[in-house]
Amino acid sequence: GAGVSQSPRYKVAKRGQDVALRCDPISGHVSLFWYQQALGQGPEFLTYFQNEAQLDKSGLPSDRFFAERPEGSVSTLKIQRTQQEDSAVYLCASSPMIAEINYGYTFGSGTRLTVV
Amino acid sequence: GNSVTQMEGPVTLSEEAFLTINCTYTATGYPSLFWYVQYPGEGLQLLLKATKADDKGSNKGFEATYRKETTSFHLEKGSVQVSDSAVYFCALSPQYGNKLVFGAGTILRVKS
């Protein structure tokens with residue numbers, strides 16, 4: 001597609017519910033990243049994929065967070081047993097380069113998750 | 001560790017005023033530096049970048065110069081427009097690595 005597409009745009013979850021957030025990167029982009037942006041803050045790194053391989057998951061805040069990209073294109077970020085502190089905008093970004101971001105990423109519009 | 005500090009907002013300016021948003025960073029080696037912009041209701045967009053010391057990134061009338069000696073990458077524009085109202089994020093990527101480290105963002109409001 002023309003850009004990075006994320007769905008749903010908004011998600012309201014009850015505390016304890018599991019959620020799945022989807023990212024469709026730009027076709028052919030090798031690298032895919034997930035970031036978490038809390039209200040009034042800058043985005044913070046969660047995890048990175050190169051094709052289907054998850055090369056860095058050091059930013060995932062707990063074992064309730066899980067990401068996958070099984071065929072090297074679409075990625076899903078799953079949050080189990082959501083907590084109020086998980087409320088944030090979740091951003092996906094993709095890049096055509098392998099481990100090289102001098103050109104900058106292309107970001108999606110994000111999924112705003114609200115846990116009530 | 002790597003970090004980015006940018007001036008707190010909101011910054012409120014009149015149309016055609018001069019804009020400076022300060023950004024300083026902490027990193028080892030030679031990171032790449034970026035400014036991203038987030039317009040209301042939209043995703044982050046790359047505004048400009050610089051990959052080595054003394055490089056000047058520029059786009060849409062905005063510019064920023066990579067200053068290694070002061071570890072800074074201040075964003076400037078000579079004459080702002082109402083349409084420049086947005087949140088501006090300074091970011092770095094480490095010399096060896098591909099994560100972006102962002103500052104907290106600066107809200108810019110331009111009044112007509």
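A single entry from B:T26, B:T51, B:T5, B:T20 fulfils the requirement of being among the polar types (S, T, N, Q) and either open to solvent by less than 10 Å² (accessible area, probe 1.4 Å) or over 24 Å from A:A93 (Cα atoms) (or both): B:T20.
Selection of region A:6-45 for residues being under 11 Å from the mean Cα position of the chain (by Cα) and open to solvent by 30 Å² or more (accessible area, probe 1.4 Å) yields A:S7, A:A20, A:R22, A:D24, A:Q36, A:E44. Taken over region B:29-69, the residue count meeting the criterion of being modelled with pLDDT of 90 or more, under 30 Å from A:R112 (Cβ atoms) and not in a strand (DSSP E or B) is 3.
Residue by residue, here is whether (1) surrounded by fewer than 16 Cβ atoms within 10 Å (Cβ to Cβ); (2) free of Cβ contacts under 8 Å to residues at least 60 places away in the same chain; (3) of a type in the set (S, T, Y) holds:
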residue	(1), (2), (3)
B:P40	yes, yes, no
B:T70	yes, yes, yes
B:H74	no, yes, no
B:G103	no, no, no
B:S112	yes, no, yes
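Could you please find all residues in region A:55-90 being within 14 Å of chain B (Cβ to nearest Cβ), buried (at least 16 other Cβ atoms within 10 Å of the Cβ) and either more than 16 Å from A:A20 (Cα to Cα) or free of Cβ contacts under 8 Å to residues at least 24 places away in the same chain (or both)?
Those that are within 14 Å of chain B (Cβ to nearest Cβ), buried (at least 16 other Cβ atoms within 10 Å of the Cβ) and either more than 16 Å from A:A20 (Cα to Cα) or free of Cβ contacts under 8 Å to residues at least 24 places away in the same chain (or both): A:D56, A:G59, A:L60.
Of all residues in region B:16-60, count the ones that are at the interface with another protein chain (Cβ under 10 Å from one of its Cβ atoms), farther than 18 Å from A:Q41 by Cβ and aliphatic (A, V, I, L, M). Looking only at that region, the number is 4.
The values are calculated or read from the model by the stated rules, or taken from the named source; none is laboratory data. In this text the structure is predicted, and so the values were computed from the model without any measurement. Reconstructed Cβ throughout: ideal geometry from the backbone, glycine too, with neighbour counts over all protein chains shown. SASA here: full protein model, heavy atoms, side chains in, ligands and nucleic acids out. Shrake-Rupley method; radii C 1.70, N 1.55, O 1.52, S 1.80 Å.
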